[in-house]
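The values are calculated or read from the model by the stated rules, or taken from the named source; none is laboratory data. Computed from a prediction, not measured in an experiment: that's the story for all the values here. As a convention, Cβ positions derive from the backbone with ideal geometry for all residues, glycine included, and neighbour counts pool all protein chains shown. Side chains are part of the model used for accessible areas, which takes the heavy atoms of the whole protein and leaves out ligands, DNA and RNA. Shrake-Rupley method; radii C 1.70, N 1.55, O 1.52, S 1.80 Å.
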2 protein chains.
Amino acid sequence: MRLGGIEAGGTKVVCAVGTGPGAIAERTMIPTTTPAETLERIAGWFADRPVDALGAAFFGPLDLDPSSDRYGYITSTPKPGWAGTDVVGFLRARLGVPVVLDTDVNGAAYGEYRWGAGCSAGTLAYVTVGDGIGGGAIVDGAAVHGILHPEMGHLPVRRHPADVFAGSCPFHGDCLEGLASAPAIARRSGRTPADPGPEPARTVELEAYYLAQLIAAIVYLLSPHRIVVGGGVLHLPGLLAAVRRETAGLIGDALPALRDRLDQYVVPPALGPDSGVLGAFVLARRAHDYRSAVVSD
Amino acid sequence: MRLGGIEAGGTKVVCAVGTGPGAIAERTMIPTTTPAETLERIAGWFADRPVDALGAAFFGPLDLDPSSDRYGYITSTPKPGWAGTDVVGFLRARLGVPVVLDTDVNGAAYGEYRWGAGCSAGTLAYVTVGDGIGGGAIVDGAAVHGILHPEMGHLPVRRHPADVFAGSCPFHGDCLEGLASAPAIARRSGRTPADPGPEPARTVELEAYYLAQLIAAIVYLLSPHRIVVGGGVLHLPGLLAAVRRETAGLIGDALPALRDRLDQYVVPPALGPDSGVLGAFVLARRAHDYRSAVVSD
């Protein structure tokens, strides 16, 4: 069996064929431009590299309700031109193979769950902090969808007492994403995560204060076996350790055993930058197995 | 088949035999005193009313990890005398039937999921606001446990600008439970939810402000198909409507379709006070079906 994986973000798309870590036969990178051009290039690349099933981990929001007439569409994204794009329909029609779509963060969560920090054990949450903040959760082997899919970045958070930045979220201003995403850091400080300037300690302090509130919320609402935290902002030196310290403070004596082992509980992606595209292989495998089960019945 | 259900809270235990709503053959109420006395009375009542399986929805925290040598125990509860109580072991030994244990809120969530506001469809979250604040979630038919079980009451929340109460949580002070549980209301105001005094509007405003943050967090982290909100504090006139209004403000244009139908999305328990004990029947049924499957293999 040969699987295809697509990880589509706001600026670039990674396409790969293979079966898992150490078994990526080939990969390419395509810039995210218009939906027509981008999907055409994706389909063209896979047309030359036949696969048995395709997994697609896309930026959203997505319609993932199989009973919806817009199943497999990108819905209300602010990304120009992409709202209303039929990702699943286009890829199925062009490539003639089963396609499973999920969010980019759920894709990364599947990758880490299957081959990375989750080790297929129990429940895993995955959080990414970059141009946006997103999160997904795998419970009993499947991503949590519900009525839509998680949008963890919009969590309401307590404001740091020394932070006067209004926040950058177009919907909420100072929700988590509005205060702690890479654009928020840049707008507050005039700096970027890659160039934090002379006061990186202040950025680390604010980031840890805000991100720890998401980690604590995940602990209290989902109680996963592990939380993976990735994304470009986490390259800030000392940030992950600071997030663990702040999280320990928010948990306190309510869950002392968990508080005392946060270094093993809140962890970076074990698959590095490949969580997403490997997770897309997991989605492809699900598409293939489901189709096989249906056909063989 | 005849099922037994136990709903054990901090002040009283409800025991019932039956199979579901409209089919509760008999029930009793036992005060929660010492573990030895309380469990003895529970076992005695069921000894006279044989059942095929027993579901127990207990106050916690509980050890629900089947691989743990303390599986089925109450763990670190502050309730005097109850920490380290082996609920499952005691009931199995005394009654000789399969026993499944879960938290009181997960029990209520199962009841509402199976027969109440959830209608067995998709993902359901259940929140109760009383002497404590708790929450549970059913995803694909099973309660979310993970490394422990949800402890939604300890969510960090933004403080209402006009609220100077320090908070009543012994662990965190001003987490959600510390600011919005019935004891928090009483300590802040010198009043109780049942006797809100001359300024109930202020209590409703504060409660709605805090509880809406949990509802929003559940939406953003779990995206359930429906959220049921119960518990004694919700008897405050106008509170549920106020919670919906505050939640709509926190969601805003991020999820407009959801924001505009919160009256059908954030709902009271359809089973009234019976969510918990009926959910215990669901647990009993799971115990029975699992045992049957294992034995018949």
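Among A:L283, A:L222, A:L64, determine the one that fluctuates most according to a GNM of chain A built with springs between C-alpha atoms less than 10 Å apart.
Looking only at A:L283, A:L222, A:L64, the largest GNM fluctuation is found for A:L222.
Among B:T85, B:A47, B:L64, whose Cα projects farthest towards the positive end of the dipole of the stretch B:13-131, with charges put on the beta-carbon of Lys, Arg (+1) and Asp, Glu (-1)?
B:A47
How many nanometers, to one decimal and shortest first, lie between the label point of B:C119 and those of its other copies, if labels sit 7 Å from Cα toward Cβ?
Nearest to farthest, the other copies are at 4.3 nm.
Of the candidates B:G60, B:G122, B:G132, which one comes out as most mobile in a Gaussian network treatment of chain B with C-alpha springs shorter than 10 Å?
Result: B:G122 has the largest fluctuation of those listed.
Of A:I24, A:F281, A:M1, which is farthest towards the positive pole of chain A's charge dipole, taken about the Cα centre with +1 and -1 on the beta-carbons of Lys, Arg and Asp, Glu respectively?
A:I24
Residues of the stretch B:168-297: accessible area per residue at 1.4 Å, in Å²?
41 Å²
If I require 15 Å or longer along the helix axis, counting alpha carbons, and a Kyte-Doolittle average no lower than 1.0, what helices from chain A are left? Use full DSSP H segments.
Helices meeting the span and hydropathy rule in chain A are A:200-222.
Quick one: work out the % antiparallel among DSSP beta bridges in the stretch A:93-226, nearest 5.
90 percent
Between A:A201 and the same site in the other copies, what are the distances in nm, shortest first, taking label points 7 Å from Cα along the C-beta direction?
4.9
How much accessible area does B:M29 have with a 1.4 Å probe, in Å² rounded to the nearest 10?
Per-residue accessible area (B:M29): approximately 110 Å².
If you put a point 7 Å past Cα along the Cβ direction, how far is that point for A:S76 from the same point in each other copy, in nm, smallest first?
So the distances to the same position in the other copies read 4.0 nm.
Mind grabbing the interface size between A and B? I mean buried accessible area, both sides, 1.4 Å probe, in Å² to the nearest hundred.
Buried surface at the A/B interface: approximately 3200 Å².
Restricting the count to DSSP beta bridges whose residues both fall in the stretch B:8-101, what percent are antiparallel, rounded to a multiple of 5?
Looking only at bridges with both residues in the stretch B:8-101, the antiparallel portion is about 75 percent.
Can you list the residues in the stretch A:161-186 whose accessible area drops by at least 10 Å² when all protein chains are present, compared with the chain alone? Use a 1.4 Å probe, heavy atoms only.
By number: A:F171, A:H172, A:D174.
In deg cm²/dmol, rounded to 500, what helix-only [θ] at 222 nm does the protein assembly as shown give when every DSSP H run of at least 4 residues adds -39500 (n - 2.57) and the total is split over its residues?
-11500 deg cm²/dmol
Report the residue, chosen from B:A284, B:A23, B:A182, that carries the largest GNM mean-square fluctuation when chain B is represented by alpha-carbon nodes joined by springs under 10 Å.
Greatest mean-square fluctuation among the candidates belongs to B:A23.
Dividing the alpha-carbon Rg of the protein assembly as shown by 2.2 N^0.38 Å yields what?
With N residues counted in the protein assembly as shown, Rg over 2.2 N^0.38 Å equals 0.98.
Roughly what % antiparallel, to the nearest 5, for the DSSP beta bridges in chain B?
Bridges in chain B that DSSP calls antiparallel: roughly 60 percent.
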